[in-house]
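Everything on this sheet refers to the single structure shown next.
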Amino acid sequence: MAFLLVAIGAYAQDPEEPIENYDSWNGLAANLAYVCWAIGLLVALGYYIKLSTTKGSKEKYDFINKYEISSLWIAVIILIIGGCFFANAAITHLTPVLIGVRIFVTAAMGLIVAVIVQNLLKFYYPFYIEKRLKVLRYMPRISPKTGKPMKLLSEEEEDAYLDEGMQAEENVFSVDYDVWKDEETGFIQIEKYAGHLHALQCPECNYQTFKVVKEEIVKQPTDGEEGEIIKHYLCGYCGYKAKKSVILKQQTKMEQSTAPA
Ligand SMILES: [Zn+2]
């Protein structure tokens, strides 16, 4: 009987006292939500400001390749945390059980949204990035000598301007060098593109998630013979694996191009 009275008493008191407490919590949660949203937006905005102030197509290319997805991901996580606070900023009634339920539901919803956004960023967004990267990579470079657009040399033409180390790198490490030439003055600009940082389209699932994960030299090139290297590709989405054999150029040919005198 005494217990029942206490219970009734507690219940009767409930709507009176804790309301103040909820108000301060609600206010705090709303403010935390606004702070999170502001920080999240600043992270994204900061990225785009830094990108727009980055000079040069190659520098922009590297910046996007390196930071865009991770910056957006961080921004989204902070925005979602803000959303979790906001979803709990209008509490009028609470019991220990409801606290547990709220924490559980909030965490679950937050996780679901995070997983959806993560998948979008990982598997769909790279298509959009790829388009912009292609534009940046092949946008005619301007010669600092003449101010005119330069010409992008073909694979065959560029060998004359790449030293031995660069050519070996192009063969071995999934590295691509682009050589731009100012035909008027002969000015040369060389840009390096790293293959292992850059995903290709997967032949199996078509997502932009196909990357070189390992390279093994099967046969070192010698004076008389060509070498061979095997590049291992792995798709980060469907797990599709592929091997590609690449012929390593002969050492002699490399030496020729670097020692013209
Ligand atoms: Zn795939």
Scan the stretch 164-201 for residues that are under 30 Å from residue 237 (Cβ atoms), at pLDDT below 80 and of a type in the set (Asp, Glu) and jot them down. 169, 170
Considering only helices (runs of 4 or more DSSP H) wholly within the stretch 115-193, the ones with at least 1 residues that are more than 27 Å from residue 210 (Cβ to Cβ) are 155-158, 164-172
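Name the one entry in 91, 78 that is among the hydrophobic types (A, V, I, L, M, F, W, C), touching a residue at least 12 places away in the same chain (Cβ under 8 Å), in a loop (DSSP other than H, G, I, E, B) and open to solvent by less than 90 Å² (accessible area, probe 1.4 Å).
Values: 78 fails: in a loop (DSSP other than H, G, I, E, B).
Exactly one residue qualifies, and that residue is 91.
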Filter the stretch 227-241 down to the residues that are more than 20 Å from residue 193 (Cα to Cα) and more than 10 Å from the ligand (Cβ to nearest atom), then identify the one that is surrounded by the most Cβ atoms within 10 Å (Cβ to Cβ). 227
Which of the residues belonging to the stretch 225-247 are assigned to a loop (DSSP other than H, G, I, E, B) and touching a residue at least 12 places away in the same chain (Cβ under 8 Å)? 225, 226, 236, 237, 238, 240
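Looking for whichever is buried (at least 17 other Cβ atoms within 10 Å of the Cβ) and either part of a helix (DSSP H, G or I) or at pLDDT below 95 (or both) here; the options are 40, 27, 46. Which one fits? Write out each step before concluding.
Details: 27 fails: buried (at least 17 other Cβ atoms within 10 Å of the Cβ); 46 fails: buried (at least 17 other Cβ atoms within 10 Å of the Cβ).
Only one candidate qualifies: 40.
Kindly indicate whether residue 113 is farther than 30 Å from residue 48 by Cα, open to solvent by 60 Å² or more (accessible area, probe 1.4 Å) and out of contact with any strand residue (DSSP E or B) (no Cβ under 6 Å at 6 or more places or on another chain). Give the derivation first.
Working: farther than 30 Å from residue 48 by Cα: no; open to solvent by 60 Å² or more (accessible area, probe 1.4 Å): yes; out of contact with any strand residue (DSSP E or B) (no Cβ under 6 Å at 6 or more places or on another chain): yes.
For residue 113, the condition - farther than 30 Å from residue 48 by Cα, open to solvent by 60 Å² or more (accessible area, probe 1.4 Å) and out of contact with any strand residue (DSSP E or B) (no Cβ under 6 Å at 6 or more places or on another chain) - is not met.
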Taking the stretch 195-224 on its own, how many of its residues are outside any strand (DSSP E or B) and within 16 Å of the ligand (Cβ to nearest atom)? 11
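To keep it simple, each residue is scored yes or no on (1) buried (at least 16 other Cβ atoms within 10 Å of the Cβ); (2) acidic (Asp, Glu).
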residue: 161; (1), (2): yes, no
residue: 166; (1), (2): yes, no
residue: 170; (1), (2): yes, yes
residue: 184; (1), (2): no, yes
residue: 194; (1), (2): no, no
residue: 206; (1), (2): no, no
residue: 214; (1), (2): no, no
residue: 219; (1), (2): no, no
residue: 225; (1), (2): no, yes
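The values are calculated or read from the model by the stated rules, or taken from the named source; none is laboratory data. What you see is a predicted model; the values in this text were computed from it and never measured. Glycine gets a Cβ as well: all are built from the backbone with ideal geometry, and neighbour counts include every protein chain shown. Surface accessibility is based on the protein's heavy atoms, side chains included, excluding ligands, DNA and RNA. Shrake-Rupley method; radii C 1.70, N 1.55, O 1.52, S 1.80 Å.
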